[in-house]
Structures are given as structure tokens and as C-alpha cells.
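Working notes for the structure below.
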Amino acid sequence: MIPTLCSIVTLAYRPLLDPIDVNGWWWWLVIPLVFLISMVYKAIRVPTMRRYWRQVIKMTVQVMFVMALMCVGLYVVVIWAAPRYF
Amino acid sequence: MSSWDTEDDARFNFLAPVLAWLVPGLGHWMLGHRRRARLIFTGIAVMYFSGLLIGGLDIVDRRGDPLWYAGQFLAGPVTPAIDLWRSRHFTPDSPAAKVNHAYPVPSFAHANEIPTLFTTVAGMLNLLAILDVLVLPRQRAEGESGFNSRVGARA
């Protein structure tokens, strides 16, 4: 019982001490990252705060869209075009 | 046309950039841009501490990753404080580590890259905020929405 409890305590996540295993899903973190970048960037850049959140969402969507397009482009080049023509 | 080019609209603030480095958003707060300041602080703080929670204190490492540390340093004195604290108190030889292994476990691969990116980008965004309060258009500095058409669109 006690060794089992000890192993559970040892394996528990300790904030700021243990890293979180993000290796399987790290790419999803790009969404909050882009959102937070847009939030700070637009807070600095917009002339008025009237349509602030709309501009934040717009910038987030634009960046994500371009990154998705680049992903598709790279996929086509690496997986399809390169093995066939090079 | 850039807003910085307009006649006497720009004025230098020397205290605001220092405050902006000490606490992200404090420079804007001092100049009266309270809402911008709250948003800048929230965005940078969430990004920085998300990185710390994902990767642990080990991602702030002046000796191991000096270039990334330079970017993290721009987020404020919290970065050198973490580096100093971690290097002094959270080593495998420290008393706390001998009792309950309380020292940051090194992170590798994406568990190190992504949080390092989060904290460094937070620092780079704070650099934008610091530069913004260094030379702020006078019309914009006078009020939260005090942006006048004479200055020109910035976004």
C-alpha cells in the first residue's frame, strides 16, 4: 500500500517543477499562442479599442489559416511531389 | 504614413519603458491607457506562465540557453529572478532536493521547445510594448480612445 502511494505521489505532476508531456499534442498549443500574440499585438496597435476583440479574432483566424495553408503546401511537396519527381 | 512621422505628435517617455519592463503593461497604465495595459499584462502573463507550467522552471536557463534567455529577459525581472532562484535553490544538491526531490526536472523535445517559445515570445511582445510607450503619439497618449485622424491609422 505504502509503496503504491509513494509511486503515485512521485508520478504526480508538480507545477513549475515537472514538464508536461506535450509530445503527442504540442501542435494544438499553436492556437492559444496565436490568440495571445494577437491579443497583445492588437492591444498595442489598434487606434481605438472599439472593435478590439473582433480584430483579435480576425488576426488569429488569418494567422491560423495561413499556417494551415503552409501545412498543406509542405505536405504536398514532401509527401507527394518530392518522392515522385526528385 | 507612419504615425511616428507626424510633426509634434511624438514625445519621449523615459520612465514608462522602465515600468513596462518591470511589469508588462505598467507603462501604458502610467500613460492613462488602462484598458490596453490590462490586456497587455493579461496576454503576456498568461503566455509566460503557461510556458512555465508546461516546461517547468528549467526552461529559464541563462547558462544553458543564453539566446532564448535574452528573449525571456524582455518579459521583466521575473526572468532573472527565476533563473537566480532556480540555480541557487533548485539543484539536485540543494537541501530541498535531498528531502523530497523538489527540483525542476529537465524537459526535452517538445516539452522544452514549446514552453521556451511561449516565454520568449512573451518577452518579444513586451519589447513591442516597451517601444510603444517610449515614443507615444501625443493625441493617443491623452486618452484611451484619443486617437485622432491627424495621426493616421496604425493598425
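The numbers here are math on the coordinates, done by the rules we state, and not lab data. Because the structure is a prediction, the values reported are computed rather than measured. Backbone-built Cβ (ideal geometry, glycine too); neighbour counts: all protein chains shown.
Okay, here's what the table says:
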| read-out | value |
| --- | --- |
| Dipole moment magnitude, nearest 20 debye, the stretch A:5-85 about Cα centre, only Lys, Arg, Asp, Glu C-beta charged | 600 |
| Two-site FRET efficiency, A:Ala68 against B:Ala81, from Cβ-Cβ distance with R₀ of 41 Å, rounded to 0.05 | 0.60 |
| A:Tyr75-B:Met30 FRET efficiency (beta carbon distance; Förster radius 51 Å; 0.05 resolution) | 0.60 |
| Mean projected area in nm² (Cα convex hull; one quarter of hull surface) for the stretch A:5-85 | 9.7 |
| Sites A:Ala12 and B:Ala109 - FRET efficiency at Förster radius 35 Å, r taken between beta-carbons, to 0.05 | 0.95 |
| Relative contact order, percent, chain A [alpha-carbon distance under 8 Å, six or more residues apart] | 21 |
| Value at 222 nm in deg cm²/dmol, rounded to 500, when DSSP H runs of n ≥ 4 in chain A each add -39,500 (n - 2.57) | -20000 deg cm²/dmol |
